[in-house]
Structures are given as structure tokens and as C-alpha cells.
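I am attaching a structure below and will ask some questions about it afterwards.
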Amino acid sequence: MKTFTLPGTDLLVPNVVLGMMRIQDKTDEEIRTLVRTALDAGINFLDHADVYGADLHGCERRFAEAMRLTSSEREQLVIQTKAGIVREGPYFDFSYDHLIASVDGSLEALGTDYIDILLLHRPDALVEPDEVARAFDDLAASGKVRHFGVSNQTPGQIELLRRSVRQPLVANQLQLSVTHAALVAQGVAANMSDLDQSISRDVGALDYCRLNNITVQAWSPFQGGFFTGAFLGSDEYPELNAVIDRLAAQYGVPAIAIATAWITRHPANMQVVLGTTTPERVAGAAQGSDLPLTRAEWYEMFRAAGHAVP
């Protein structure tokens, strides 16, 4: 498992993350097996959110109930959670009161005294950066949150926050897979006026994050599009799957490892956030952590996924 010191922190982290979004209905033993499998593969970074689960903090609570971590076990984990979505609205709320209440709820549900990283969950059109800054200051001063970041935010939205927020914003969680790759593909086709691919949909978020030491966390790394189903094994992507299957056989790894490696091979040093609750798939994806795809192989996958290389 490839690890690196997350810029802006003292955390040594893996480049593959275990997402906990779908554990609500899992038994205690299923959750323990899932986490043990991840830990055995070198994945000690867990991604939560207050809105994950049937009820508010539902998945955070299920995790704590199943794991019953000792203090020493807790110290071996990097626990990240997110706040800002009001699911019942639906709308977003980055106000001081909401962020403080959300973190307190996450701490209680997770059964821990601190959160390693708190992300703002998607952008809030009504954000007041000074309110966010006040919340971050109080959460940091109290020791409840050690580091902060965002998700699905553009460079301009991050710059607006950084004008008020004093803490480094260490991560930006963005949707990325080989088929849902506007984050990467637009730059490849820049200045090609006849290609839809050349249209910027994120104002250069990937380059901005690289320039500012903000780690991109790729969510839905195996989704064909925006929650449209996985591309692995899908009849909708025959050419891509043929390439992936050939590379999997060549490297002696499962197909999911090749799909993971397409992201981890990128020099931006991104993290891949797994959404699966199947231990075998977690172990398989972990094999893509440091798999050395060549440039030719990376671009072959890119083209097979439907992207143009002018």
C-alpha cells in the first residue's frame, strides 16, 4: 500500500480510503470483517459523513457499535467525516451553529474525542466564509477536529473560504473515475473548440489543488457517470472492459485493481475512496495502490473510456 504524508498535516495516509456510506444495514461482524480486510491491506483511513445512513449519523453510529474501538485502536485510524448537507431539506448549511452541532453529533455517534479531518460536504451557495472560519477556529481550539477540507468545490469557492479560514484546507473530495473524468479530460482537450470534452466544468480544480497542496480524494471511482452504475463488467463499456481485463491478466490482479490504478497512477497523488462493502473488492482494489501502469496503458484506458486524445 502506497502511503504519503498528507500535505498540511502530520498524517501518514494510504492512497486508498475505505468509504463507510453503505454500512447501515450490515451486521456487526460484517462491518468488522470489512474494516479488518481494509486494515490488512494497509487501509487505515475511513471516510464518513453525518448524512450517511437511514438516520442522521446512522453509519457513524453503526461503525462505533460494531467496532467498539479501544483508545489505542482509535489512534491507529484516520477518521474523516463530512458536514453541511441538510438531507431533509434538501439544502446545504455551512453556518456556525450547524457545523458545530454536526461535529458534536459525529463525535458522539463515532464514540471518539476527535475527528482527524472534517470536510465541508458539497458547496453551500449561501456560505458565509467568516461563519465557517469561526466554526473551524472553535473546533480546532477545542481539539474536536484536527484538520479541515472540502468536497466538490471549485478553485473560486475554495479561494473564497481561504480568505477567512486560517487552517489549511487539506483535501477536496471530487467524483472521478476513468469514465467520469472531466476533472482530467478537459485539460487534455483544452482549446479544441469542436469537442464537448474541452469545456471546463470545474475551472481547473485538479491543477488548482496540485498547485495549492490540496489532496484530491476521488469518490465513486468505479461509477460510469453520476450514480449511473459501475463500468466494470458493464455491457455499456465493452472496449474499456476488454482493455482492463487484458491489463488485469498481464499484471496478475483483479480488474478492480486496474480501475484503481488508473487514478493512483496520476502524479497528483490522489486518494481513491472506495464505496464497496464487499471485503473481496476492497482487497482487490487495494492491489491497485501502487500498480505501475505505463503512460501508454493509462492513455489506452482513457481512450477506451470514450475520451479524446487530440
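Among DSSP bridges having both ends in segment 3-304, what percentage is antiparallel? Round to the nearest 5.
20 percent
Can I ask one more? Can you tell me what share of the DSSP beta bridges in segment 1-140 is antiparallel? A percent to the nearest 5 is fine.
In segment 1-140, approximately 35 percent of DSSP beta bridges are antiparallel ones.
Moving to a separate point now. Could you rank the peptides 72-84, 24-36 by their average count of other C-beta atoms within 10 Å per residue, with the highest value first?
Ranking, from highest mean packing down: 72-84, 24-36.
Would you calculate a helix-derived [θ] at 222 nm for the chain, using -39,500 (n - 2.57) for each DSSP H run of n ≥ 4 and dividing by the full residue count, to the nearest 500?
It lands at -11500 deg cm²/dmol.
I'd like to compare 253-264, 4-15, 273-284: which one has the highest average count of other Cβ atoms within 10 Å, and what's the full order after that?
For the peptides 253-264, 4-15, 273-284, the packing ranking is 253-264, 273-284, 4-15.
Taking H placed 1.01 Å from N in the peptide plane, check which residues at least 5 places from A230 or on another chain put their amide H under 5 Å from its amide H.
G224
Ranked highest first by average number of other Cβ atoms within 10 Å, how do 47-56, 293-302 line up?
47-56, 293-302
If I fit a long axis through the Cα atoms of helix 58-67 and take the longest principal axis of the Cα atoms of the chain, what angle between them do I get, 0 to 90°, rounded to 10?
90 degrees
Under 17 Å Cα to Cα from K2, which lysines show up? Leave out anything in the same chain fewer than 8 places away.
none
Going Cα to Cα from K144, which lysines come in below 23 Å? Please leave out same-chain ones fewer than 8 positions away.
K82
Each residue of segment 284-298 in order: what ³J(HN,Hα) in whole Hz does its phi give by Karplus 6.51 cos²θ - 1.76 cosθ + 1.60, θ = phi - 60°, with x for Gly and Pro?
x, 4, 4, 5, x, 4, 9, 6, x, 4, 6, 4, 4, 5, 4
Which value, in Å to one decimal place, does the Kirkwood hydrodynamic radius take for segment 153-209 when every pair of different Cα atoms is included?
12.5 Å
Pull up the DSSP beta bridges for segment 76-190 and report the antiparallel fraction as a percent, rounded to 5.
15 percent
Quote the Stokes-Einstein diffusion coefficient, in whole µm² s⁻¹, for the chain, based on the Kirkwood radius over alpha carbon pairs, a temperature of 4 °C and a viscosity of 1.567 mPa s.
65 µm²/s
Could you work out the Rg to Rh ratio of segment 1-151, with Rh taken as the Kirkwood radius (inverse of the mean 1/r over all Cα pairs)?
Value, to two decimals: 0.96.
Each reported figure results from applying straightforward, stated rules to the coordinates on display, with no laboratory input. All values reported here derive from a predicted model rather than from experimental measurement. Here Cβ is always computed from backbone atoms with ideal geometry, including for glycine, and neighbour counts include all displayed protein chains.
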